[in-house]
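**Student:** Below are the structure tokens for one structure; questions will follow.
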């Protein structure tokens, strides 16, 4: 029946001071393939899941009486001596309150505290405390409930200030530790940190111009998978190069708007060829062979050592179902981490705004959708997708939509 003092077992400051060492140790213990082969945001997310301090929030509206009855407590003075010698009988009511958050934190003291903490007990996601007296009344019980909840909330508020300060620095600290570990492993194997292929835009592009105390860790429900194969560096476009390629592609939107009659009768293959001409005009061809080519019917690709490092699919807008199939087709070409892709959608619909809205609503429903990365412009949005065969790998996909006028009379 007797509750234990809350917020008094350990100091939260000691836990926070121990966490950087704990994070560094976890990262150092990870297999090499995991550190080098798993996207860094996934690694950081795993560390945040484990080390984030989630201070409980009481759901006071759902409080209820979990038990009521009689008991006995040690007599406080000689006037309480009753039946049973040194014990005195009391009436008891136990109040239970569900909560969300980390139950461990009810035992930690914040940097701001007092010397009279509330008492209670924690069982799963429920906090309870017992009210007792020789004679209980509804008024006295309600008053005690309010005082106890207020006291608990005050201590949780103090704890939340300490937790928020730690949680704010956690992502940056985790990233710093993971990046340092990646660098150590790559330096040890004499792997060059930058793996981008040489693909430089001309200074003046030809063609079109335009603009020790350890808290018991919470279980991590999802851990990042370790790649099955040993890590080997893959050729890839760096972000700056990718941005230059996408800028060159998006310049076509302005050209199409200015010359609608030219594009009105073109099919997707012909429009694709215009895109290729624009790309090969803006980027130098190099001896290593990283040129833009058409493969099959609609592909635009850059390859290095037999591997595609940039892939684009050109599609006439045919509705959400055809659009989702185009994403599947694009993913079928992406076979390694950090591949950079683009889906170029040519729409002849008169309600172009509705097409843009439909596309942005559709992408998050794809089974391999991971997150929206950025909205580059009104017609271009970038996403991160999981690889269809390996959750530890991901691909960057830009979706760019072009408004193509329809043939005259249609």
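**Student:** For residue 3 and residue 73 in one chain, what is 0.36 nm times their gap in residues minus the Cα-Cα distance, to one decimal in nm?
**Tutor:** Separation in residues times 0.36 nm, less the Cα-Cα distance, equals 24.0 nm.
**Student:** Let a ≥ b ≥ c be the square roots of the eigenvalues of the Cα gyration tensor of the stretch 4-185; is it rounded (a/c under 1.5), or, if not, prolate (a/b larger than b/c) or oblate?
**Tutor:** In terms of gyration-tensor shape, prolate.
**Student:** In nm, to one decimal, how far is the residue 115 label point from the residue 161 one, both placed 7 Å along Cα→Cβ?
**Tutor:** 2.0
**Student:** Bins of 5 Å, beginning at zero and ending with the bin holding the largest distance: percent of Cα pairs per bin for the stretch 92-187, please.
**Tutor:** 2, 10, 17, 16, 14, 10, 8, 6, 5, 4, 3, 2, 1, 1, 0
**Student:** R0 = 30 Å: FRET efficiency of residue 361 with residue 277, Cβ-based, nearest 0.05?
**Tutor:** Working: r = 33 Å, r/R0 = 1.10.
Given R0 = 30 Å and the Cβ-Cβ separation, E is 0.35.
**Student:** Which order results if 18, 121 are arranged by neighbouring Cβ count within 10 Å, fewest first?
**Tutor:** Sorted ascending by nearby Cβ count, the order is 18, 121.
**Student:** Still on this model: Determine, for 6, 136, the number of other Cβ atoms within 10 Å of each Cβ, and report the residues in order from fewest to most.
**Tutor:** By the 10 Å Cβ count, ascending: 136, 6.
**Student:** Sort the stretch 92-131 into rounded, prolate or oblate with this rule: let a ≥ b ≥ c be the square roots of the eigenvalues of the Cα gyration tensor; rounded if a/c is under 1.5, and if a/c is not under 1.5, prolate when a/b is larger than b/c, oblate otherwise.
**Tutor:** The shape class here is oblate.
**Student:** By how many nm would the segment from residue 153 to residue 140 grow when fully extended, if each residue of separation counts as 0.36 nm and the alpha-carbon distance is taken off? Write down the numbers at each step before the final one.
**Tutor:** Values: separation 13, 0.36 × 13 = 4.68 nm, distance 2.00 nm.
Result: 2.7 nm gained on full extension.
**Student:** Can you give me the relative contact order of the stretch 4-185 as a percent, contacts being Cα pairs under 8 Å and 6 or more apart?
**Tutor:** 34
**Student:** Follow-up question, since we're still on this one. What is the fewest-to-most order of 65, 401, 90 by other Cβ atoms lying within 10 Å of their Cβ?
**Tutor:** Fewest-to-most ranking of 65, 401, 90: 65, 90, 401.
Throughout, read-outs are computed from the coordinates displayed, never taken from laboratory work. If you're wondering where the values come from, they're calculated on a predicted model, not measured in any experiment. Here the Cβ is made from the backbone with ideal geometry for all residues, glycine too, and neighbour counts use every protein chain on show.
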